[in-house]
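Structure in structure tokens, see below.
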Amino acid sequence: MKKILIVEDEKPIQTLLKYNLKQAGFETIIAGDGEEAIHMTTVHSPDLILLDIMLPKMDGIEVCKSLRESGINTPIIMLTAKGDELEKVLGLEIGADDYMTKPFSPREVIARVNAVLRRSTEKKTVTLLKSGGLSIDLDRYQAYLNDEELEFTPKEFELLVYLIQNKNRALTRDQLLSAVWNYDFVGDSRIVDVHVSHLREKIEENTKKPLFIKTVRGIGYKFEEQKQ
């Protein structure tokens with residue numbers, strides 16, 4: 001039975017989420033503020049976190065950032081108020097896997113939870129990707145450049161994996177949004193550009209003339225394979 005941590009300070013929403021998740025076969029635990037969320041994650045090791053942004057003590061953005069910086073890669077779905085587009089993008093930039101806007105239906109919650117859990121547990125047929133001095137170990141969730149280990153947020157890592165798996169192929173920003181974030185941002189490509197910029201800072205010796213991730217004008221980006 002998968003365990004879901006619900007981080008929400010509003011009792012009615014706590015009750016709604018807990019009831020519907022239990023009906024769908026999930027075990028649930030509750031945290032009412034940001035500090036408790038971090039404690040519960042450490043103690044109970046949930047399989048997924050439903051994380052509200054507006055929380056006492058520490059907001060959801062701070063919680064997500066703290067968990068990712070401490071190396072905890074538990075899938076996170078952010079719960080946001082309608083119209084908080086900046087918070088949605090920021091949450092995804094620091095490592096959240098998806099977001100839902102209030103009010104939401106129980107059916108949508110279950111569908112999103114199942115989709116994120118499915119993506120996080122899919123078995124990969126290839127476990128080691130290489131291009132030039134860059135290597136990615138999918139089993140260990142690690143990447144190296146010239147034998148030096150690199151540090152990525154979960155989304156940066158997923159984006160790099162997707163790019164290298166589709167090497168030498170021009171990919172649109174919408175394709176990258178759909179494949180890596182599994183969500184339609186209605187043409188808002190800023191999150192892709194930000195993540196590509198972060199990747200370039202970490203894997204490119206010359207970001208003005210990138211070796212690996214090339215910009216394809218009018219389309220998007222392409223990972224260009226390098227000889228070993």
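The values are calculated or read from the model by the stated rules, or taken from the named source; none is laboratory data. Note that this is a predicted model, so its numbers are computed, not measured. Because the Cβ atoms are built from the backbone with ideal geometry, glycine has one as well, and the counts that use them run over all protein chains shown. To get the accessible areas, we keep the full protein, side chains included, count just its heavy atoms, and leave off ligands, DNA and RNA. Shrake-Rupley method; radii C 1.70, N 1.55, O 1.52, S 1.80 Å.
Spin-label point model (7 Å from Cα, Cβ direction): what's the MET54 to THR172 distance in nm?
My value for the distance between the label points is 3.6 nm.
Continuing with the same structure: For n ≥ 4 DSSP H runs only, could you compute -39500 (n - 2.57) per run for the chain, divide by its residues and tell me the 222 nm figure to the nearest 500?
-12000 deg cm²/dmol
Carbon-plus-sulfur fraction of the accessible area of the chain, 1.4 Å probe, in percent?
Carbon-and-sulfur percentage of accessible area, whole number: 48.
Now for a separate question. Take every DSSP beta bridge with both residues inside the stretch 12-121 and express the antiparallel ones as a percent of the total, to the nearest 5.
0 percent
Further question on the same structure: What order do you get for 41-54, 16-29, 66-79 when each peptide is scored by the mean count of other beta carbon atoms within 10 Å, highest first?
Details: 41-54: 19.9, 16-29: 16.2, 66-79: 18.4.
Ranked from most to least packed, the peptides come out as 41-54, 66-79, 16-29.
A further question on this structure: Write out the trypsin sites (Lys or Arg not before Pro) in the stretch 128-228 meeting two conditions: DSSP loop, and at most 16 other Cβ atoms within 10 Å of their Cβ. Working shown, then result.
Numbers: sites: LYS130, ARG140, LYS155, LYS167, ARG169, ARG173, ARG190, ARG200, LYS202, LYS208, LYS214, ARG217, LYS222, LYS227; in loops: ARG140, LYS167, ARG169, LYS208, ARG217, LYS227.
Answer by residue number: ARG140, LYS167, ARG169, LYS208, ARG217, LYS227.
What is the distance, in nm, between label points placed 7 Å from the Cα along the Cα-to-Cβ direction at SER45 and at ALA179?
3.2 nm
Calculate, for the chain, the solvent-accessible area per residue in square angstrom, rolling a 1.4 angstrom probe over the heavy atoms of the protein chains.
52 Å²
Roughly speaking, what is the centre-to-centre gap between the stretch 5-49 and the stretch 54-71 when only Cα atoms are used, to the nearest Å?
15 Å
Could you give the length gained by full extension between TYR144 and ALA24, i.e. 0.36 nm per residue of separation minus their alpha carbon distance, to one decimal place? Please list the in-between numbers first.
Numbers: separation 120, 0.36 × 120 = 43.20 nm, distance 4.00 nm.
Gain on extension, TYR144 to ALA24, equals 39.2 nm.
May I ask what percent, to the nearest 5, of DSSP beta bridges between residues of the chain are antiparallel?
Counting only bridges with both partners in the chain, antiparallel ones make up about 50 percent.
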